[in-house]
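Peer 1: Structure incoming, see below.
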Amino acid sequence: MVGSGSEGGDGEASPFSTPLLPVSLSQSFDLLELYLELLGVRAPLLEKSETAPPDMGEALSSLCYASARVGGDLPELVAIRAQLAKKYGTEFVGEAADDATMAKW
């Protein structure tokens, strides 16, 4: 790995030196906002489908995951999670909240 300022004594960079996920709370909320906008636009399609569309997996899973962690601050996420549980089942929502759903996609 090319150095990024957090190299160890052996000259190798730490695998954690380059974050793959947003590092700031602001960036995380920006992603949530995008997922919520996508959910709003795709709501008519979701109403008609019996299973979660594969192209919505990341958004739906991320919203469920976030609701389990920041739902106290954002009650709307808890409501969305409840609606997704009603639509796709508590197993889907539980796996998403535990970060297991993305492995299936």
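Peer 1: How big is the charge dipole of segment 55-105 about its Cα centre, in debye rounded to the nearest 20, if each Lys and Arg gets +1 on its Cβ and each Asp and Glu gets -1 on its Cβ? Show your work: numbers first, answer last.
Peer 2: On the way: 5 positive and 8 negative charges, 35 e Å.
Charge dipole of segment 55-105: 160 debye, to the nearest 20.
Peer 1: If you take the charge dipole of segment 55-105 about its Cα centre, with +1 on Lys and Arg Cβ and -1 on Asp and Glu Cβ, which of GLY71, ALA97, GLN83 is farthest toward its positive end?
Peer 2: GLN83
Peer 1: Right, another one. Run the simple label-point estimate for LYS87 and LEU34 please: 7 Å along Cα→C-beta, distance reported in nm.
Peer 2: Output for this residue pair reads 2.0 nm.
Peer 1: Compute the Kirkwood hydrodynamic radius of segment 55-105, taking the inverse of the mean of 1/r over all pairs of distinct Cα atoms, and give it in Å to one decimal.
Peer 2: Across segment 55-105, the inverse of the average 1/r is 10.4 Å.
Quick note: the coordinates plus some simple rules give every number you see, no bench work behind them. All of these numbers come straight from a predicted model, not from anything done at the bench. Note: ideal-geometry Cβ built from the backbone for every residue, glycine included; neighbour counts use all protein chains shown.
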